[in-house]
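Trainee: Structure incoming, see below.
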Amino acid sequence: MTNTNLEVIGYVRCDYKEKFGIPRQSGLTDCATAFIEILPPYNQAEAFRGLDGFSHIWLLWDFSRAHKHGFTATVKPPKLGGNQRMGVFATRSPFRPNNIGLSSVKLLDIIYNEETGCVHGLVVSGADILDGTPVYDIKPYLPYADAHPEALGGFAPLPKETIEVKSPPELLQKLPEGQREALLGVLAQDPRPQYQNDPERVYGMSFGGWDVKFRVKDGVLTVLSLAETEHQ
């Protein structure tokens with residue numbers, strides 16, 4: 001009998017506190033960073049020897065908030081407006097036979113514990129993962145094997161173009177400096193479901209301990225308010 005038990009080697013710590021607003025694919029918002037906290041005994045420095053020679057890595061992780069019982073053969077991809085079904089294996093839907101996610105991210109740094117010499121965690125950019133997500137594995141990205149420029153993208157050939165983002169300067173100044181560019185980058189991806197286009201609707205998303213309200217009209221996203229959330 002096959003052993004399907006998976007060990008959690010770490011957790012994602014980032015500004016994406018809820019599903020709404022997370023980039024639709026990894027690598028779309030390189031200005032947003034995340035920290036991969038590594039748990040013992042997997043934090044031994046020897047386990048990461050040589051990893052600093054790679055610019056990008058693969059993260060295998062758990063769609064921990066999308067678990068459900070039973071198998072559904074088809075899903076409704078947002079890319080198709082949420083009203084057309086495709087086979088689950090032709091999509092990246094979180095509702096899968098095994099709730100495993102795969103993301104290619106840029107490796108920015110490896111942080112070591114000064115006292116123990118063990119790895120505290122990895123700093124990465126371009127993650128499309130919810131805060132607190134369990135991580136199952138880390139693998140190096142190999143450009144000669146993993147990159148296929150000639151590959152076909154099926155019904156999702158190209159990412160959606162970014163949109164213009166406007167925000168009153170006094171609102172952005174509320175944010176810590178490191179979060180400003182990241183938030184603007186996330187908003188430029190237009191977090192709205194692709195089948196929604198109501199210019200009068202006010203949308204809200206949580207980002208790094210802040211409640212962000214915005215509206216999209218005539219191709220321009222305007223930030224309306226920024227307020228600290230009660231639980232950060």
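Trainee: Report the residue count in segment 172-209 for those that are assigned to a helix (DSSP H, G or I) and either β-branched (Val, Ile, Thr) or closer than 30 Å to VAL88 by Cβ (or both). If you could, list the steps in order and put the result at the bottom.
Mentor: Initially, segment 172-209 is screened for residues assigned to a helix (DSSP H, G or I), giving 172, 177-188.
Next, only the ones that are either β-branched (Val, Ile, Thr) or closer than 30 Å to VAL88 by Cβ (or both) stay: 185-188.
Of the residues in that region, 4 qualify.
Trainee: So, ILE138, is that one closer than 21 Å to VAL8 by Cβ, in contact with a Cys (Cβ under 8 Å, 6 or more places away or on another chain), of a type in the set (Val, Ile, Thr) and surrounded by 12 or more Cβ atoms within 10 Å (Cβ to Cβ) or not? Before you say what the answer is, go through the steps one by one.
Mentor: Details: closer than 21 Å to VAL8 by Cβ: yes; in contact with a Cys (Cβ under 8 Å, 6 or more places away or on another chain): no; of a type in the set (Val, Ile, Thr): yes; surrounded by 12 or more Cβ atoms within 10 Å (Cβ to Cβ): yes.
So ILE138 does not fit the description; no.
Trainee: Now for a separate question. Out of curiosity, is ILE36 surrounded by fewer than 16 Cβ atoms within 10 Å (Cβ to Cβ) and of a type in the set (A, V, I, L, M, F, W, C)? Explain how you work it out, then say what you get.
Mentor: Numbers: surrounded by fewer than 16 Cβ atoms within 10 Å (Cβ to Cβ): no; of a type in the set (A, V, I, L, M, F, W, C): yes.
In short, no.
Trainee: For VAL186, only one of the following conditions fails: (1) over 17 Å from the mean Cα position of the chain (by Cα); (2) open to solvent by less than 30 Å² (accessible area, probe 1.4 Å). What is its number?
Mentor: For VAL186, the exception is condition (1).
Trainee: Taking the criterion of being open to solvent by less than 30 Å² (accessible area, probe 1.4 Å), free of Cβ contacts under 8 Å to residues at least 60 places away in the same chain and either outside any loop (DSSP other than H, G, I, E, B) or aromatic (Phe, Trp, Tyr) (or both), would at least one residue in segment 163-171 satisfy it?
Mentor: Yes.
Trainee: Which of the residues belonging to segment 66-88 are without any contact (Cβ under 8 Å) to a residue 40 or more places away in the chain and outside any loop (DSSP other than H, G, I, E, B)?
Mentor: Start the filter on segment 66-88 by keeping residues that are without any contact (Cβ under 8 Å) to a residue 40 or more places away in the chain, which leaves 66-76, 84-85, 87-88.
Once the filter is applied, which keeps residues that are without any contact (Cβ under 8 Å) to a residue 40 or more places away in the chain and outside any loop (DSSP other than H, G, I, E, B), segment 66-88 yields THR74, VAL75, GLY87, VAL88.
Trainee: May I ask you to list the residues in segment 1-54 that are closer than 22 Å to GLY126 by Cβ, part of a loop (DSSP other than H, G, I, E, B) and either over 23 Å from the mean Cα position of the chain (by Cα) or among the acidic types (Asp, Glu) (or both)?
Mentor: The answer is ASP15, GLU18, ASP30, GLY50.
Trainee: Can I ask one more? Which one of the conditions (1) modelled with pLDDT of 95 or more; (2) surrounded by fewer than 20 Cβ atoms within 10 Å (Cβ to Cβ); (3) polar (S, T, N, Q) does GLN25 fail to meet, given that it meets all the rest?
Mentor: With respect to (1) modelled with pLDDT of 95 or more; (2) surrounded by fewer than 20 Cβ atoms within 10 Å (Cβ to Cβ); (3) polar (S, T, N, Q), GLN25 is out only on (1).
Trainee: While we're looking at this one, here's another question. Just wondering, is there one or more residues in segment 116-123 that are exposed (fewer than 14 other Cβ atoms within 10 Å of the Cβ) and free of Cβ contacts under 8 Å to residues at least 24 places away in the same chain? I'd like the intermediate steps shown before the answer.
Mentor: Going residue by residue through segment 116-123, those that are exposed (fewer than 14 other Cβ atoms within 10 Å of the Cβ) are 116-117.
Adding the requirement that they be free of Cβ contacts under 8 Å to residues at least 24 places away in the same chain leaves 116.
Yes: segment 116-123 contains one or more residues that are exposed (fewer than 14 other Cβ atoms within 10 Å of the Cβ) and free of Cβ contacts under 8 Å to residues at least 24 places away in the same chain.
Trainee: Looking at (1) charged (D, E, K, R); (2) open to solvent by 50 Å² or more (accessible area, probe 1.4 Å); (3) within 30 Å of TYR144 (Cβ to Cβ); (4) touching a residue at least 12 places away in the same chain (Cβ under 8 Å), which is the only condition ARG49 fails?
Mentor: (4)
The values are calculated or read from the model by the stated rules, or taken from the named source; none is laboratory data. Predicted, not measured: the structure shown is a model, and the values here were computed from it. Positions of Cβ are backbone-derived with ideal geometry, glycine not excepted, and every protein chain shown enters the neighbour counts. These accessible areas exclude ligands, DNA and RNA; they are computed on the full protein's heavy atoms, side chains included. Shrake-Rupley method; radii C 1.70, N 1.55, O 1.52, S 1.80 Å.
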